[in-house]
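Bear in mind that the values in this text are calculations on the coordinates, not laboratory data. Note that the structure is a prediction, hence the values are computed from the model and not measured. Neighbour counts are summed over all protein chains in view; Cβ atoms, including those assigned to glycine, are modelled from backbone coordinates with ideal geometry.
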Amino acid sequence: MDQGVKRVVIVGGGSAGWITAGLLAAEHGQGTNAGLHITLLESANIPIIGVGEGTWPSMRTTLQKIGVAETDFLRECDASFKQGTQFDGWRNASKDDRYFHPFSLPAEYSSINLANYWLSHGRNASFADFVTPQAAIASAGKGPKQTGTPEFAFNVNYGYHFDAGKFATFLQRHVTTRLGVMHQIGDLSCVERAENGDIAELILADGARIAGDLFVDCTGQKGLLISGEFGVDLVSVKDTLFNDRAIAVQVPYEEKSSPIASTTRATAQSAGWVWDIGLQTRRGIGYVHSSAHVDSAAAHETLYAYLKDAAPHADRASLTFREIDFVPGYRENFWVNNCLAVGLSAGFIEPLEASALALVEQSANILCEHFPRNAEVMNVVAKRFNEKLSYHWQSIIEFLKLHYVISQRDDSDYWREARSMQGCPQRLQEKIQLWQQQPPWHDDAPRIDELFPSASYQYVLYGMGFSPKYTESNRASYAQMKGRAEQLLSVNRDKIEQMSALLPTNRALITSMLSAAQ
Ligand SMILES: Cc1cc2nc3c(=O)[nH]c(=O)nc-3n(C[C@H](O)[C@H](O)[C@H](O)COP(=O)(O)OP(=O)(O)OC[C@H]3O[C@@H](n4cnc5c(N)ncnc54)[C@H](O)[C@@H]3O)c2cc1C
């Protein structure tokens, strides 16, 4: 007889495991109608990846759903506010080569495409400054809201930068003490299967057994269940996105009161790019690069050169540099039988737009929304999950490739190959052709659950200096929208002025929120 799906076992206690446990327990755990019994198994011997420091605005919703207070999160995770990404050196590596991809949409984006107006009439200002106050606010070092603004509310949209190790510990405490998730420490050794191929029990190194109805593989890059047990391969995207190694380092601020940048800074290099992320007490910096184009020693030299320029106070000898290899790709399937993969076990590509945790949140949300009550429904849910995740991965790959393929850099083999249309997904090639005559708009990212809205394509495209071949239609659209567009632009200019005066710096905002909560 079908007993229903009542026992969920999550294997892995990194960000993926604890976010999944938190969202699932908040919606379907003990004390809810479903009353799921959720166990998280974690090895004490295998550390979490502990990088993953940039999130999207979706993390605000995730934290709210899990039921944590924003100030607790800020305090315990060394967190700061992130308003988007600043790209340096991606277009042509000239001195003033910089653009922003902010989290806020262009003004009235659902009904008016201001890119038409900007292309015809506005190119003396950067596209981002033209359509939203956020780029100016962020580059002035301001936070996204006023002191006293309620938790999770904002003046301009924001996500976070945080310490991934502290985040896992923070969620663990909340999810186990408040949401009834059982935490078991142990090493997964092997699996016992049922006749239909489902996982019946996990067997740990000490001989203990954990039975379950549904298993979530959050074991990191190895994918112990999805790959080790079910043999699902990675679809490699190495021909499209070459980067497969990172060197990460944590750098202290020069002074306790040094400013905290409220964008991730991504600086292009000759064989990859350097991320620079400001937390409360330190910066997380790292060089993501292609091992086929640069060896480890040369990559270290590139990172040292960046540190010398961007953090000259840092004493290199006292820093710990950590190398991380990864195979850029995603699983052919994400859910097989009664097992689904969430997090690095599902795949990983370079963290250029920090999409990995957003995909974890998305996966956990799909699971919560469609949680299967029995084995028959599970097959349908698995099919839907696989379709959705496959779409999201392909969209992310296209969006990241856009950053490379429209670059004008010609200073290394890496850039010449990265710009080549060879390896550029067909769907992106077609979109780029279309954008020669019309700017991105809702049809370019049509789904309701899209990770990157079409506005993100606009920010990157025009930030990178993409100039369409045909402008006749823009001029026509411009004439139609002129009055409304000019009104919005004037409002935007006023907002930049008002908010610049009103908003505290990112550090001052965090300090005041933390002291008000004491
Ligand atoms: C260089 C780099 C930069 C990144 N930057 C970002 C970013 O800016 N933004 C972003 O969103 N993401 C980023 N990511 C990705 C992000 O770090 C991960 O997606 C996120 O941390 C989730 O990791 P995870 O939980 O899947 O895996 P992990 O953190 O690796 O956790 C794996 C867990 O599985 C457990 N485990 C493994 N084997 C066993 C076993 N045999 N038995 C029991 N337990 C086991 C381990 O103990 C651990 O708890 C980055 C990743 C890298 C590599």
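Nearest 5 is fine: what % of DSSP beta bridges in region 245-325 come out antiparallel, could you say?
100
Can you bin region 423-508 into rounded, prolate or oblate? Criterion: square roots of the alpha carbon gyration tensor eigenvalues sorted a ≥ b ≥ c, rounded for a/c under 1.5, prolate for a/b above b/c, oblate for the rest. Numbers along the way, then the final one.
Values: a/c = 2.34, a/b = 1.42, b/c = 1.65.
Oblate, because a/c is 1.5 or more while a/b does not exceed b/c.
Given contacts defined as C-alpha pairs under 8 Å and at least six residues apart, what's the relative contact order of region 101-166, whole-number percent?
Once normalised by length, the contact order is 31 percent.
Please label the shape of region 156-285 as rounded, prolate or oblate, based on the square roots a ≥ b ≥ c of the eigenvalues of the alpha-carbon gyration tensor (a/c under 1.5 means rounded; beyond that, a/b larger than b/c means prolate, else oblate).
oblate
Which angle between 0 and 90 degrees, to the nearest 10, do you get for helix 506-516 versus the longest principal axis of the chain when only C-alpha atoms count?
Taking Cα atoms only, the helix is inclined about 50 degrees.
Cα centroids of region 382-440 and region 484-504: how far apart, whole angstrom?
33
For K95, K431, what's the fewest-to-most ordering of other Cβ within 10 Å of each Cβ?
K95, K431
Highest mean first, what order results for 440-451, 504-515 on Cβ atoms within 10 Å?
In decreasing order of mean packing, 440-451, 504-515 become 504-515, 440-451.
Tell me the angle of helix 454-463 to the major Cα principal axis of the chain, expressed in degrees between 0 and 90 and rounded to the nearest ten.
50
Arrange the following residues from fewest to most other Cβ atoms within 10 Å of their Cβ: C77, C424, C218, C368.
C368, C424, C77, C218
Starting from the eigenvalues of the Cα gyration tensor, five times each then square-rooted, give me the equivalent ellipsoid semi-axes of region 245-325, largest first, whole Å.
Output for region 245-325: semi-axes of 22, 13, 10 Å.
In the chain, what percentage of the DSSP-assigned beta bridges are antiparallel, given to the nearest 5?
Numbers: 49 of 69 bridges.
Expressed as a percentage, antiparallel bridges in the chain total about 70.
May I ask you to list the lysines whose Cα is less than 17 Å away from that of K82, ignoring any residue fewer than eight positions away on the same chain?
Reachable lysines: K142, K145.
Translational D (Stokes-Einstein, µm²/s) of the chain at 37 °C and 0.692 mPa s when Rh comes from the Kirkwood sum over C-alpha pairs? Please list the in-between numbers first.
Numbers: Rh = 24.0 Å.
The diffusion coefficient I find is 137 µm²/s.
Helix 472-502 versus the longest principal axis of the chain: what is the Cα-based angle in degrees, 0 to 90, to the nearest 10?
That works out to roughly 80 degrees.
So for each of 318-328, 385-395, 177-187, 111-121 I average, over its residues, the number of other beta carbons within 10 Å; can you give me the resulting order with the highest mean first?
Peptide ranking by packing, descending: 111-121, 385-395, 177-187, 318-328.
P144: net charge of surrounding residues, Cβ under 11 Å, Lys/Arg +1, Asp/Glu -1, itself excluded? All intermediate terms of the calculation are to be shown ahead of the outcome.
Working: positive: R60, K82, K142, K145; negative: none.
With Lys, Arg at +1 and Asp, Glu at -1, the neighbours total +4.
Sort W335, W56 by Cβ crowding within 10 Å, fewest neighbours at the top.
Fewest-to-most Cβ neighbours within 10 Å comes out as W56, W335.
So what's the gap between the Cα centers of region 73-151 and region 177-210, to the nearest angstrom?
45
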